[in-house]
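Some notes on the structure that comes next.
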Amino acid sequence: LLCVLGVQTSCEDMLDKGNDYVIYAEDHVLANPSDTVTSVYGILNKLQAIAVRTNLLGEARADLITINDNAIVDLKNLAAIDIDDDNVYNAPRDYYAIINNCNYFLERADSTAGNVNRNQKYFEAEIAQVHSIRAWVYLQLVLNYGKVPFVTEPILTKIQSDAQYPMYELGDICDYFINDLRPYYGKA
(Lines give C-alpha, C1' and ligand atoms only; values in the text may rest on other atoms or scores of the structure.)
Protein backbone atom coordinates (compact mmCIF):
# COMPACT_ATOMS: atom_id res chain seq x y z
CA LEU A 1 0.00 0.00 0.00
CA LEU A 2 2.86 2.39 0.81
CA CYS A 3 4.51 1.65 -2.55
CA VAL A 4 1.31 2.43 -4.45
CA LEU A 5 0.85 5.65 -2.48
CA GLY A 6 4.47 6.67 -3.15
CA VAL A 7 4.13 6.03 -6.90
CA GLN A 8 0.89 8.00 -7.17
CA THR A 9 2.23 11.07 -5.43
CA SER A 10 5.44 11.09 -7.44
CA CYS A 11 3.48 11.00 -10.70
CA GLU A 12 1.59 14.14 -9.80
CA ASP A 13 4.47 16.35 -10.88
CA MET A 14 4.86 14.43 -14.11
CA LEU A 15 1.19 14.90 -15.01
CA ASP A 16 1.10 18.61 -14.13
CA LYS A 17 0.81 20.52 -17.39
CA GLY A 18 1.61 23.89 -15.87
CA ASN A 19 4.86 25.48 -16.96
CA ASP A 20 6.47 28.56 -15.50
CA TYR A 21 8.21 29.25 -18.82
CA VAL A 22 5.03 29.67 -20.87
CA ILE A 23 4.14 33.25 -21.72
CA TYR A 24 0.52 34.02 -22.42
CA ALA A 25 -0.12 36.91 -24.79
CA GLU A 26 -2.88 38.52 -22.76
CA ASP A 27 -0.65 38.99 -19.70
CA HIS A 28 2.65 39.82 -21.37
CA VAL A 29 4.12 43.31 -21.61
CA LEU A 30 7.49 43.96 -23.23
CA ALA A 31 8.90 46.00 -20.36
CA ASN A 32 12.56 45.00 -20.14
CA PRO A 33 15.44 45.24 -22.61
CA SER A 34 15.84 41.50 -23.14
CA ASP A 35 12.15 41.13 -24.10
CA THR A 36 12.20 44.03 -26.54
CA VAL A 37 15.51 43.10 -28.16
CA THR A 38 14.49 39.45 -28.46
CA SER A 39 11.20 40.48 -30.05
CA VAL A 40 12.97 42.70 -32.57
CA TYR A 41 15.38 39.85 -33.41
CA GLY A 42 12.38 37.59 -33.98
CA ILE A 43 10.86 40.14 -36.35
CA LEU A 44 14.18 40.47 -38.20
CA ASN A 45 14.41 36.69 -38.48
CA LYS A 46 10.98 36.54 -40.11
CA LEU A 47 11.92 39.48 -42.32
CA GLN A 48 15.00 37.63 -43.51
CA ALA A 49 12.80 34.69 -44.53
CA ILE A 50 10.90 36.85 -47.06
CA ALA A 51 13.90 38.81 -48.35
CA VAL A 52 14.79 36.53 -51.27
CA ARG A 53 11.16 36.08 -52.26
CA THR A 54 10.54 39.82 -52.20
CA ASN A 55 13.61 40.43 -54.34
CA LEU A 56 12.57 37.75 -56.85
CA LEU A 57 9.01 39.07 -57.06
CA GLY A 58 10.24 42.55 -57.90
CA GLU A 59 12.97 41.57 -60.33
CA ALA A 60 11.02 38.87 -62.15
CA ARG A 61 8.10 41.22 -62.77
CA ALA A 62 10.47 43.96 -63.96
CA ASP A 63 12.28 41.56 -66.33
CA LEU A 64 15.59 42.16 -64.55
CA ILE A 65 16.41 38.45 -64.45
CA THR A 66 16.37 35.71 -67.04
CA ILE A 67 15.04 32.31 -66.09
CA ASN A 68 16.75 29.32 -67.69
CA ASP A 69 15.34 25.85 -68.38
CA ASN A 70 16.79 24.43 -65.15
CA ALA A 71 14.66 26.68 -62.94
CA ILE A 72 11.82 25.22 -60.91
CA VAL A 73 8.29 25.52 -62.29
CA ASP A 74 7.23 28.06 -59.64
CA LEU A 75 10.09 30.37 -60.61
CA LYS A 76 9.27 30.01 -64.31
CA ASN A 77 5.62 30.86 -63.57
CA LEU A 78 6.76 33.83 -61.51
CA ALA A 79 8.79 35.17 -64.43
CA ALA A 80 5.83 34.62 -66.76
CA ILE A 81 3.57 36.41 -64.24
CA ASP A 82 1.42 33.30 -64.08
CA ILE A 83 1.26 32.91 -60.31
CA ASP A 84 -1.37 30.62 -58.80
CA ASP A 85 -2.22 30.00 -55.14
CA ASP A 86 0.10 26.96 -54.95
CA ASN A 87 3.20 28.87 -56.07
CA VAL A 88 5.83 28.88 -53.29
CA TYR A 89 6.57 32.54 -53.99
CA ASN A 90 2.93 33.49 -53.44
CA ALA A 91 2.71 33.44 -49.64
CA PRO A 92 1.17 36.61 -48.20
CA ARG A 93 0.75 34.80 -44.86
CA ASP A 94 4.53 35.15 -44.33
CA TYR A 95 4.23 38.91 -44.71
CA TYR A 96 1.29 39.00 -42.33
CA ALA A 97 3.26 36.96 -39.79
CA ILE A 98 5.78 39.81 -39.70
CA ILE A 99 3.04 42.44 -39.55
CA ASN A 100 1.34 40.59 -36.70
CA ASN A 101 4.61 40.39 -34.76
CA CYS A 102 5.17 44.10 -35.35
CA ASN A 103 1.63 44.89 -34.19
CA TYR A 104 2.15 42.77 -31.08
CA PHE A 105 5.43 44.49 -30.31
CA LEU A 106 4.00 47.97 -30.82
CA GLU A 107 1.00 47.21 -28.62
CA ARG A 108 3.01 45.57 -25.84
CA ALA A 109 6.33 47.45 -25.75
CA ASP A 110 6.53 49.88 -22.85
CA SER A 111 7.00 53.13 -24.76
CA THR A 112 6.97 55.12 -21.51
CA ALA A 113 9.93 53.38 -19.87
CA GLY A 114 12.97 55.57 -19.64
CA ASN A 115 15.15 57.91 -17.68
CA VAL A 116 13.04 60.91 -16.70
CA ASN A 117 16.08 63.00 -15.69
CA ARG A 118 17.61 62.66 -19.16
CA ASN A 119 14.30 62.84 -21.05
CA GLN A 120 15.26 59.53 -22.65
CA LYS A 121 12.99 56.64 -23.64
CA TYR A 122 14.65 53.23 -23.39
CA PHE A 123 12.90 51.47 -26.27
CA GLU A 124 12.46 54.42 -28.62
CA ALA A 125 14.92 53.09 -31.24
CA GLU A 126 13.35 49.63 -31.27
CA ILE A 127 9.84 51.05 -31.54
CA ALA A 128 10.93 53.26 -34.45
CA GLN A 129 12.55 50.27 -36.18
CA VAL A 130 9.45 48.12 -35.80
CA HIS A 131 7.25 50.91 -37.19
CA SER A 132 9.61 51.10 -40.19
CA ILE A 133 9.64 47.34 -40.76
CA ARG A 134 5.85 47.16 -40.63
CA ALA A 135 5.59 50.00 -43.17
CA TRP A 136 8.06 48.31 -45.54
CA VAL A 137 6.27 44.94 -45.31
CA TYR A 138 2.90 46.56 -46.04
CA LEU A 139 4.45 48.39 -48.98
CA GLN A 140 5.75 45.09 -50.40
CA LEU A 141 2.36 43.45 -49.92
CA VAL A 142 0.44 46.21 -51.66
CA LEU A 143 2.97 46.34 -54.51
CA ASN A 144 2.56 42.58 -55.01
CA TYR A 145 -1.18 42.26 -54.52
CA GLY A 146 -2.63 45.71 -55.25
CA LYS A 147 -5.16 45.74 -52.42
CA VAL A 148 -4.54 44.17 -49.01
CA PRO A 149 -6.35 43.76 -45.68
CA PHE A 150 -5.05 46.41 -43.30
CA VAL A 151 -4.53 45.43 -39.66
CA THR A 152 -2.80 47.48 -36.96
CA GLU A 153 -3.66 45.36 -33.92
CA PRO A 154 -2.13 41.96 -33.12
CA ILE A 155 -4.32 39.04 -34.11
CA LEU A 156 -4.30 36.62 -31.19
CA THR A 157 -7.62 34.77 -31.47
CA LYS A 158 -9.55 32.88 -34.11
CA ILE A 159 -12.34 35.46 -33.94
CA GLN A 160 -9.85 38.22 -34.76
CA SER A 161 -8.41 36.06 -37.53
CA ASP A 162 -11.82 35.56 -39.12
CA ALA A 163 -12.80 39.24 -38.88
CA GLN A 164 -13.12 41.43 -41.97
CA TYR A 165 -10.53 44.19 -42.20
CA PRO A 166 -10.53 47.23 -44.47
CA MET A 167 -8.81 46.80 -47.82
CA TYR A 168 -6.04 49.34 -48.51
CA GLU A 169 -4.47 50.24 -51.84
CA LEU A 170 -1.06 51.83 -52.42
CA GLY A 171 -2.25 55.39 -51.77
CA ASP A 172 -3.95 54.37 -48.52
CA ILE A 173 -0.86 52.51 -47.31
CA CYS A 174 1.42 55.45 -48.16
CA ASP A 175 -0.86 57.99 -46.48
CA TYR A 176 -1.13 55.91 -43.31
CA PHE A 177 2.56 55.15 -42.96
CA ILE A 178 3.80 58.64 -43.79
CA ASN A 179 1.84 59.85 -40.78
CA ASP A 180 2.72 56.77 -38.71
CA LEU A 181 6.47 57.17 -39.26
CA ARG A 182 6.66 60.97 -38.93
CA PRO A 183 7.16 60.99 -35.10
CA TYR A 184 10.06 58.53 -35.45
CA TYR A 185 12.01 60.36 -38.13
CA GLY A 186 15.72 60.28 -37.18
CA LYS A 187 15.21 58.05 -34.13
CA ALA A 188 15.92 54.58 -35.52
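Data overview
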item	result
Most to least accessible of Tyr41, Tyr168 (protein chains only, probe 1.4 Å)	Tyr41, Tyr168
Pairwise label distance in nanometres, Ala51 with Ala125, each label 7 Å out on the Cα-Cβ vector	1.9 nm
Estimated distance in nm for a label pair at Tyr41 and Ile159, the labels positioned 7 Å out from Cα along Cα-to-Cβ	3.5 nm
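The values are calculated or read from the model by the stated rules, or taken from the named source; none is laboratory data. As the structure is a computational prediction, the values presented were derived from the model and not from experiment. Ideal geometry is used to build each Cβ from the backbone, glycine not excepted, and the neighbour counts take in all protein chains shown. All accessible areas refer to the heavy atoms of the entire protein, side chains included, with ligands and DNA or RNA removed. Shrake-Rupley method; radii C 1.70, N 1.55, O 1.52, S 1.80 Å.
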